[in-house]
Amino acid sequence: MGSRRKVTVVGAGMVGGTVAQMLALRGFADVVLVDIVEGLPQGKALDLMQVGPLMGFDSHLSGSNDYAETAGSDIVVITSGIARKPGMSRDDLLKTNMGIVGSVTGQVVESSPDAILIVVSNPLDAMCHVAFDAAGFPRERVIGMAGVLDSARFRTFIAMEAGVSVEDVSAMVLGGHGDTMVPLSRYSTIAGIPITEYLTGDRVRAIEDRTANGGAEIVGLLKTGSAYFAPGASAAEMVEAILLDKKRILPCSVLLQGEYGINDLFVGVPVKLGANGMEQIIELNLTGEESAALKKSASSVQGLVEAMAQLKDA
Ligand SMILES: NC(=O)c1ccc[n+]([C@@H]2O[C@H](COP(=O)([O-])OP(=O)(O)OC[C@H]3O[C@@H](n4cnc5c(N)ncnc54)[C@H](O)[C@@H]3O)[C@@H](O)[C@H]2O)c1
């Protein structure tokens, strides 16, 4: 492997495979896929390498069942764990995924002590806590992927409803990655024009609800697993913002320490992503109603953190 930047993707399932694919197409990083299933990461890496001559990239991809090959990674994307099936909430995944995320984080940081972690496994905000505790990294280097996906979903629904190009739509979603997330219509625009000038209040509320249930809608359709194309693209977008030091402002789950009046909880808020990971937390002026919705969302993350503490003691 050469001197290109190195990204490890733990979990070579649907989301992990898609992250690897999206990164390979960008061409600026080599990718190591890791999974416990023998042959799976190796097979996906080889298959993806063979896309190179067709799509014109020459990144190196490899797969492994252990962590030796991941040493010195710049970024580690954690997607290992089980995904939702119809009728399951993200929180139903708590017990299984906390064990998996804790163990893989411990292993991966041993050989990549300077890496930036991007957590994808669900329930997202709770898994950020697990990774943060297991890694012992500063908060700038443990970042959860949820808001990028949730705002991409919001943007898609706004564009569909208004009949405009999604390219001109920007949107913001705050809060935990669950049904209590807070799509912020007031900060969502079409070519800079507030969406409330294009759409009636009823339509905006309907889109906000669809966004909050955007994951469940896809689980209901797929029946055997959860979404992976947009989640994979969202994680790749965060990797790009960091590796190319783009200083993008993206909603991500980060450990709040007093910002937004919230303490010691991972919650989705707009942050600046650059070479140092989370470089700044942007504090928006929220109305009383928005602020209350964010607090409610944070308290559901708090509930999961408490549930994990009990599971650990049990
Ligand atoms: N944050 C988000 O917005 C978001 C979006 C979509 C999915 N997810 C979550 O991402 C996770 C992955 O989803 P998926 O659809 O790719 O699931 P998947 O079942 O296709 O893939 C998960 C992979 O993790 C592997 N794995 C399990 N234990 C492991 C371990 N100890 N070490 C290494 N690998 C291990 C499995 O073998 C499997 O290949 C789920 O928890 C899902 O809920 C999060």
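The values are calculated or read from the model by the stated rules, or taken from the named source; none is laboratory data. The structure displayed is predicted, hence computed values, not measured ones. FYI the Cβ positions are ideal-geometry reconstructions off the backbone, even for glycines, and counts take in every protein chain you see. Surface accessibility is based on the protein's heavy atoms, side chains included, excluding ligands, DNA and RNA. Shrake-Rupley method; radii C 1.70, N 1.55, O 1.52, S 1.80 Å.
How many residues does the stretch 208-221 hold that are open to solvent by 80 Å² or more (accessible area, probe 1.4 Å) and without any contact (Cβ under 8 Å) to a residue 12 or more places away in the chain?
Within the stretch 208-221, the first condition is being open to solvent by 80 Å² or more (accessible area, probe 1.4 Å), and the residues that meet it are 209-210, 221.
Okay, now just the ones that are also without any contact (Cβ under 8 Å) to a residue 12 or more places away in the chain, so 209, 221.
Here the count works out to 2.
I need the full set of residues from the stretch 92-111 which are surrounded by fewer than 21 Cβ atoms within 10 Å (Cβ to Cβ) and either of a type in the set (D, E, K, R) or more than 28 Å from Lys223 (Cβ to Cβ) (or both), in order please.
Hits for the stretch 92-111 are Asp92, Lys95, Gly102, Ser103, Gly106, Gln107, Glu110, Ser111.
Test of understanding: among Glu283, Glu217, which residue is charged (D, E, K, R), closer than 16 Å to Met172 by Cα and touching a helix residue (DSSP H, G or I) at 6+ places or on another chain (Cβ under 9 Å)?
Residue meeting the stated conditions: Glu283.
Could you run through the stretch 13-45 and say how many residues are within 19 Å of Phe57 (Cβ to Cβ), near the ligand (Cβ under 8 Å from one of its atoms) and hydrophobic (A, V, I, L, M, F, W, C)?
Qualifying residue count for the region: 0.
Could you count how many residues in the stretch 100-138 are farther than 17 Å from Ser300 by Cβ and either within 9 Å of the ligand (Cβ to nearest atom) or outside any helix (DSSP H, G or I) (or both)? Don't jump to the end; show me each part of the working.
From the stretch 100-138, those farther than 17 Å from Ser300 by Cβ are 100-121, 131-138; that's our starting set.
Those left that are additionally either within 9 Å of the ligand (Cβ to nearest atom) or outside any helix (DSSP H, G or I) (or both): 100-101, 103-104, 107, 112-121, 136-138.
Adding up the residues that qualify gives 18.
For the subset of the stretch 238-284 comprising residues that are among the polar types (S, T, N, Q) and free of Cβ contacts under 8 Å to residues at least 24 places away in the same chain, which member is most open to solvent (accessible area, probe 1.4 Å)? It would help to see each step written out before you state the result.
First pass over the stretch 238-284, keeping only residues among the polar types (S, T, N, Q): 253, 257, 263, 276, 280.
Still in the list and also free of Cβ contacts under 8 Å to residues at least 24 places away in the same chain: 263, 280.
Values: Asn263: 100, Gln280: 82 Å².
Of everything passing the filter in the stretch 238-284, Asn263 is most open to solvent (accessible area, probe 1.4 Å).
Closer than 25 Å to Gly99 by Cβ and open to solvent by less than 50 Å² (accessible area, probe 1.4 Å): which single residue out of Ala171, Ala131, Ala162, Ala152 fits that description? Quick ask: steps written out before the conclusion?
Working: Ala171 fails: closer than 25 Å to Gly99 by Cβ; Ala162 fails: closer than 25 Å to Gly99 by Cβ; Ala152 fails: closer than 25 Å to Gly99 by Cβ.
Going through Ala171, Ala131, Ala162, Ala152 in turn, the sole match is Ala131.
Which ones in the stretch 176-194 are part of a strand (DSSP E or B), open to solvent by 10 Å² or more (accessible area, probe 1.4 Å), more than 14 Å from Asn213 (Cα to Cα) and in contact (Cβ under 8 Å) with a residue 12 or more places away in the chain?
Across the stretch 176-194, the qualifying residues are Ser185, Arg186, Tyr187, Thr189.
Looking at Thr287 and the list (1) surrounded by fewer than 18 Cβ atoms within 10 Å (Cβ to Cβ); (2) among the β-branched types (Val, Ile, Thr); (3) touching a Ser or Thr at 6+ places or on another chain (Cβ under 7 Å), which single condition is not satisfied?
Evaluating Thr287 over (1) surrounded by fewer than 18 Cβ atoms within 10 Å (Cβ to Cβ); (2) among the β-branched types (Val, Ile, Thr); (3) touching a Ser or Thr at 6+ places or on another chain (Cβ under 7 Å) leaves (3) as the failure.
Being within 19 Å of Val10 (Cβ to Cβ), among the small types (Gly, Ala, Ser) and modelled with pLDDT under 95 narrows it down to one of Ala68, Ala83, Ala45, so name that one. It would help to see each step written out before you state the result.
Working: Ala68 fails: modelled with pLDDT under 95; Ala45 fails: modelled with pLDDT under 95.
None of the others qualify; the one that does is Ala83.
Give the stretch 112-126 a look and list any residue that's of a type outside the set (Ser, Thr, Tyr) and crowded, with 22+ Cβ neighbours inside 10 Å, or say none.
Here is the first cut: in the stretch 112-126, the ones of a type outside the set (Ser, Thr, Tyr) are 113-120, 122-126.
Once the filter is applied, which keeps residues that are of a type outside the set (Ser, Thr, Tyr) and crowded, with 22+ Cβ neighbours inside 10 Å, the stretch 112-126 yields Ala115, Ile116, Leu117, Ile118, Val119, Val120, Asn122, Pro123, Leu124, Asp125, Ala126.
Could you list, ordered by first residue, the pairs with Cβ atoms under 6 Å in which the first is in the stretch 18-34 and closer than 15 Å to Met55 by Cα and the second is within 12 Å of the ligand (Cβ to nearest atom) and at pLDDT 95 or above, at least 6 apart or interchain?
These pairs meet every condition: Ala20/Val9; Ala20/Leu33; Met22/Gly232; Met22/Ala233.
Are any residues in the stretch 60-91 among the small types (Gly, Ala, Ser) and open to solvent by 60 Å² or more (accessible area, probe 1.4 Å), and if so, which ones?
We begin by selecting, within the stretch 60-91, every residue among the small types (Gly, Ala, Ser); these are 62-64, 68, 71-73, 80-81, 83, 87, 89.
Ala68, Gly87 - these are the residues of the stretch 60-91 that are among the small types (Gly, Ala, Ser) and open to solvent by 60 Å² or more (accessible area, probe 1.4 Å).
Scanning for something in contact (Cβ under 8 Å) with a residue 60 or more places away in the chain, part of a loop (DSSP other than H, G, I, E, B), away from the ligand (no atom under 15 Å from the Cβ) and more than 15 Å from Ala236 (Cβ to Cβ), does the stretch 56-73 turn up at least one residue?
Within the stretch 56-73 (the criterion being in contact (Cβ under 8 Å) with a residue 60 or more places away in the chain, part of a loop (DSSP other than H, G, I, E, B), away from the ligand (no atom under 15 Å from the Cβ) and more than 15 Å from Ala236 (Cβ to Cβ)), the answer is yes, since at least one residue qualifies.
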